[in-house]
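Visitor: Can you keep this structure in mind? I'll have questions shortly.
The values are calculated or read from the model by the stated rules, or taken from the named source; none is laboratory data. Just so it is clear, the structure is predicted and the values come from calculations on it, not from any experiment. Here the Cβ positions follow ideal geometry from the backbone for every residue, glycine too, while neighbour counts run over all protein chains shown.
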Amino acid sequence: MNIIENVSRRGFLQGVVVSGVFVLSARFVPEPLWAAEGEAAAAGIEPSLWMSIASDGTVTIVAHRSEMGCGSRTALPLVVADELDADWSKVKIDQAIGDPKYGEQDTDGSHSVRSFFDQMRYVGAAGRAMLISAAAAQWNVSPKECTTEPHFVVHRASGRKLGYGELAAAAGKLPVPKKEDLQLKPKSEWRHIGKESNALFDLPDMVTGKAVFGMDATMPGMVYASIEHPPVLGQKIKSCDDKAALKVPGVQKTVTIDTVTPPHLFKPLGGVAVIGDNTWATFKGRKALKIEWDSSPHSSYNSAEFRKTLETTSRQPGKVVRNVGDVDAAFAKGGKIIEAEYYTPHLAHVSMEPPVAVAEYRDGKVLAWAPTQNPQAVQETISGVLGIKKEDVTCHVTLLGGGFGRKSKPDQVAEAAVLSKQLGKPVKVVWTREDDIHFDYFHSVAAMYLKAAVGADGKPTAWLQRTVYPPIGSTFDAAAKYADDEMGLGWNNLPFDIPNHRAENGPADYHVRIGWFRSVANIYHAFAIHSFADELAHAAKKDPVQYLLDLIGPGRIVNLDLKGDEAEDAKSYPLDTARLRRVVEMAADKAGWGKRPMGKGRGMGIAAHRSFLTYVATVVEVEVDSKGQVHIPNVWTALDAGTVVSPDNIRNQFEGAAVFGTSLALFGEITATNGAINQSNFHNYQVTRMSRAPRHIEVHIVESDAPPAGVGEPGVPPFAPALYNAVFAATGKRVRELPLSRTKLV
């Protein structure tokens, strides 16, 4: 919830970039503190959102989330503007620096709109109510006689109207209405929320080259740095010969950064930095370095052997993370048993803009500019590695040239700060594409084992699933082996109507840095579960769509017996199988399932998955040519994300998810030999080219009054299993590992 405060009369806190004669702030705090401003102040709760109106009518809203193409920087201010009844053309968005006063700023997990939708509405509604009160007082009428139209307060009876700029000063002197007195707009009166015309606020600057991304950021007197990191995680420098590097024109010097020790967190990896006048000099000089590295505990890591270890573990009993009925007793009854094993490799983020940052250390403080998903993580990391206070780290957030979870880890920003302290001047650290791929926080490798007992009708009477992979938790705890915090990502919340079901998690060691990746564990969990569901359908000689609907069962609320944050989410977002059924039916209908002619080498597949509280079903149509190459003529996706702020942006996200999913399904694979990553650039870690991308993508949005859910990530998980199921339909060949490029189809 939030506490809204009128701060117009007491000036602005340092670091707040809004300006105007009418300024509202909101503090997002628990329900008991709503409207208890004295308690909030005593607790040290800082404002989280800022909105102002200037005398010329300009509305400025501070965006506390980062923009990487997901639309968060537009969507949240748009909600404020709608409740304020503002003219969107008169709205300005300022990007917040990293600061606890803005609340939680991590643009991860597809929860920006979901977490702040109601709060943003109340801030806008408070501003609108205060503007109406200011106008009513000037006209000497009751506020109930007044209404608004975009950027004006109107008195219908007399035809009078006043602009928001004219009223700002007077409104700035009024108290904030109590929450219970605020009137939120009914959905029928929304002007911006849910409308098709909501383009990204930053789009004009992006297409005209005016937008500032991380690579565009500069500081006076800065030098450039390119860092030779340890090829294997944890390696230290045995010797370094930099004579040839120092002879490269433009190279100034080399600087050593200590090798990171576990837990790795977001600290610099270590290595040797080449400092120079420009990136060309530092890249050239770095290639001339002669470094001998010692061994590391991870030097024996070979991905092919590690796969065998994971698969062996997946065949053994693991930690139970959900149990329904009595699986063992059901299996003991005999009958038809179906088993399958699935595998997905490490994946790299490869956002189009590799990691980059510029930072200056001066007098115990750091000023940084970075394309980061989490500026507060920048503060935390730099304060930790330099031993300074978090509040002495200022991080300005640029636009991001893609993120996908990689840019919530600010190791490159910390590198710039560490080097700046050593050199006494601003430093811009630029990673190459090879750096980006070699030293990523990788999406984890995973092995999954599934087993089902099926009755005479082909439906499962028992279902066992086991997943094994190095957890993200290993980044924060070197001893972590189980993915406890990730089981809710498509594993302990199976929506199927099966009387006996058990989900397990096996232990795994890490050998590379593991991190969040778009859709996280939902990718491999959805791949295994929905591939297996399709296998069961074909084993039962049933239509895959109808079989999937039978598995889901009747519309009902599934009790998951969750704890912590997941339990809180379940109160507002229960697992409703009726919503899952609806998207399956819609996707199949839009695809013309069973009605479109499928010739030789053509097939359709379907998968449906709930992630980030959004229900998604995807149908993929494939053509497999005589050489075994897979083409994707059509993709149909149906989704239920609850209340939608920007339908056009949602379509963008799901169209992008289809292209992203194509990369993972057809090409994505990171491997390692003796601890070092084998892939280095787009020639051996491919992303989807235009010739291989889906040729036609349709996205259909279910009209819903449910609370807003995530949209940036949920489109990815069902894509790969739908594609693989389509490949089976086209070729009769069942493939159980990613990527498809590992398998010969003809």
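Visitor: Filter region 539-588 down to residues that are within 24 Å of PHE654 (Cβ to Cβ), in contact (Cβ under 8 Å) with a residue 60 or more places away in the chain, part of a helix (DSSP H, G or I) and among the aliphatic types (A, V, I, L, M), then give me how many there are.
Guide: Here the count works out to 7.
Visitor: Being hydroxyl-bearing (Ser, Thr, Tyr) and surrounded by fewer than 13 Cβ atoms within 10 Å (Cβ to Cβ) is the filter here, so list the residues in region 301-324 that pass it.
Guide: Step one: of region 301-324, the residues hydroxyl-bearing (Ser, Thr, Tyr) are 301, 303, 309, 312-314.
If the condition is that a residue be hydroxyl-bearing (Ser, Thr, Tyr) and surrounded by fewer than 13 Cβ atoms within 10 Å (Cβ to Cβ), then THR312 is the only one that fits.
Visitor: Can I ask one more? From LYS290, LYS308, LYS236, which residue is in the same structural domain as GLY515 (by TED's automatic domain parsing), among the charged types (D, E, K, R) and under 27 Å from GLY675 (Cβ atoms)?
Guide: LYS308
Visitor: Can PRO204 be described as in a helix (DSSP H, G or I) and surrounded by fewer than 18 Cβ atoms within 10 Å (Cβ to Cβ)?
Guide: Values: in a helix (DSSP H, G or I): yes; surrounded by fewer than 18 Cβ atoms within 10 Å (Cβ to Cβ): yes.
Answer is yes for this residue.
Visitor: With the condition being crowded, with 23+ Cβ neighbours inside 10 Å and without any contact (Cβ under 8 Å) to a residue 40 or more places away in the chain, I'd like the strands (runs of 3 or more DSSP E) fully within region 69-182 carrying at least 2 qualifying residues.
Guide: Values: elements: 91-95, 146-149, 152-155, 160-163.
Correct list: empty, since no element meets the threshold.
Visitor: Can you run down the residue pairs with Cβ atoms below 6 Å, 6 or more apart or on separate chains, where the first is in region 690-713 and in the same structural domain as SER115 (by TED's automatic domain parsing) and the partner is modelled with pLDDT of 95 or more and assigned to a loop (DSSP other than H, G, I, E, B)?
Guide: Matching pairs, first to second residue: none at all.
Visitor: Restricting the first residue to region 199-227 and requiring it to be among the polar types (S, T, N, Q), which pairs with a second residue that is surrounded by 12 or more Cβ atoms within 10 Å (Cβ to Cβ) meet a Cβ separation below 6 Å and a spacing of at least six or different chains?
Guide: If the second residue must be surrounded by 12 or more Cβ atoms within 10 Å (Cβ to Cβ), the pairs left are SER226/VAL274; SER226/THR282; SER226/PHE283; SER226/ARG286.
Visitor: Kindly provide the set of residues from region 183-195 that are of a type outside the set (Asp, Glu) and either part of a helix (DSSP H, G or I) or closer than 21 Å to SER72 by Cα (or both), ordered by number.
Guide: Narrowing region 183-195 to residues of a type outside the set (Asp, Glu): 183-188, 190-195.
Listed by number, the residues that qualify are LYS187, SER188, TRP190, ARG191, HIS192, ILE193, GLY194, LYS195.
Visitor: I'm trying to understand the selection: among the residues of region 104-129, which are more than 14 Å from GLY71 (Cβ to Cβ), among the aliphatic types (A, V, I, L, M) and under 13 Å from the mean Cα position of the chain (by Cα)?
Guide: Hits for region 104-129: nothing passes.
Visitor: Conditions: (1) among the hydroxyl-bearing types (Ser, Thr, Tyr); (2) buried (at least 17 other Cβ atoms within 10 Å of the Cβ); (3) not in a helix (DSSP H, G or I). TYR724 meets all but one. Number of the miss?
Guide: For TYR724, the failing item is (3).
Visitor: Let me ask something additional. Do you know which residues across region 95-119 are under 10 Å from GLY712 (Cβ atoms), in contact with a helix residue (DSSP H, G or I) (Cβ under 6 Å, 6 or more places away or on another chain) and not β-branched (Val, Ile, Thr)?
Guide: Answer for region 95-119, where residues must be under 10 Å from GLY712 (Cβ atoms), in contact with a helix residue (DSSP H, G or I) (Cβ under 6 Å, 6 or more places away or on another chain) and not β-branched (Val, Ile, Thr): ASP108, SER112.
Visitor: Condition check: modelled with pLDDT under 95 and under 28 Å from the mean Cα position of the chain (by Cα). Does GLU566 satisfy that?
Guide: Taking the combined requirement at face value, the residue satisfies it.
Visitor: Pick from VAL327, VAL274: which is surrounded by 20 or more Cβ atoms within 10 Å (Cβ to Cβ), among the hydrophobic types (A, V, I, L, M, F, W, C) and under 28 Å from CYS395 (Cα atoms)?
Guide: VAL274
Visitor: Answer yes or no as to whether VAL746 is outside any strand (DSSP E or B), touching a helix residue (DSSP H, G or I) at 6+ places or on another chain (Cβ under 9 Å) and surrounded by 18 or more Cβ atoms within 10 Å (Cβ to Cβ).
Guide: Details: outside any strand (DSSP E or B): yes; touching a helix residue (DSSP H, G or I) at 6+ places or on another chain (Cβ under 9 Å): yes; surrounded by 18 or more Cβ atoms within 10 Å (Cβ to Cβ): no.
It is false that VAL746 is outside any strand (DSSP E or B), touching a helix residue (DSSP H, G or I) at 6+ places or on another chain (Cβ under 9 Å) and surrounded by 18 or more Cβ atoms within 10 Å (Cβ to Cβ).
Visitor: Tell me whether region 590-612 contains one or more residues that are among the hydroxyl-bearing types (Ser, Thr, Tyr) and over 27 Å from the mean Cα position of the chain (by Cα). Break it down into steps so the answer makes sense when it comes.
Guide: Our first condition is that a residue be among the hydroxyl-bearing types (Ser, Thr, Tyr); within region 590-612, this holds for 611.
Filter once more, so that each one left must be over 27 Å from the mean Cα position of the chain (by Cα): none.
Checked against the condition, which is being among the hydroxyl-bearing types (Ser, Thr, Tyr) and over 27 Å from the mean Cα position of the chain (by Cα), region 590-612 yields no hits at all.
Visitor: Same structure, new question: Go through the residues of region 465-479 one by one and say whether even a single one is surrounded by fewer than 24 Cβ atoms within 10 Å (Cβ to Cβ) and without any contact (Cβ under 8 Å) to a residue 12 or more places away in the chain.
Guide: For region 465-479, residues surrounded by fewer than 24 Cβ atoms within 10 Å (Cβ to Cβ) and without any contact (Cβ under 8 Å) to a residue 12 or more places away in the chain: present.
Visitor: Still on this structure: So which pairs qualify, if the first residue must be in region 253-267 and over 23 Å from ASP277 (Cα atoms), the second must be assigned to a strand (DSSP E or B), the Cβ gap must be under 9 Å, and the two must be at least 6 apart or on different chains?
Guide: THR259/ILE237; THR259/GLY271
Visitor: Let me ask you something else. Which residues, taken from region 365-379, are crowded, with 18+ Cβ neighbours inside 10 Å and either basic (Lys, Arg) or out of contact with any strand residue (DSSP E or B) (no Cβ under 7 Å at 6 or more places or on another chain) (or both)? Explain how you work it out, then say what you get.
Guide: Step one: of region 365-379, the residues crowded, with 18+ Cβ neighbours inside 10 Å are 366-379.
Across region 365-379, the qualifying residues are GLN373, ASN374, GLN376, ALA377.
Visitor: Name the residues in region 650-675 that are surrounded by fewer than 24 Cβ atoms within 10 Å (Cβ to Cβ) and either under 30 Å from ARG121 (Cβ atoms) or not assigned by TED's automatic domain parsing to the domain that holds SER519 (or both), would you?
Guide: Hits for region 650-675 are ILE650, ARG651, ASN652, GLU655, GLY656.
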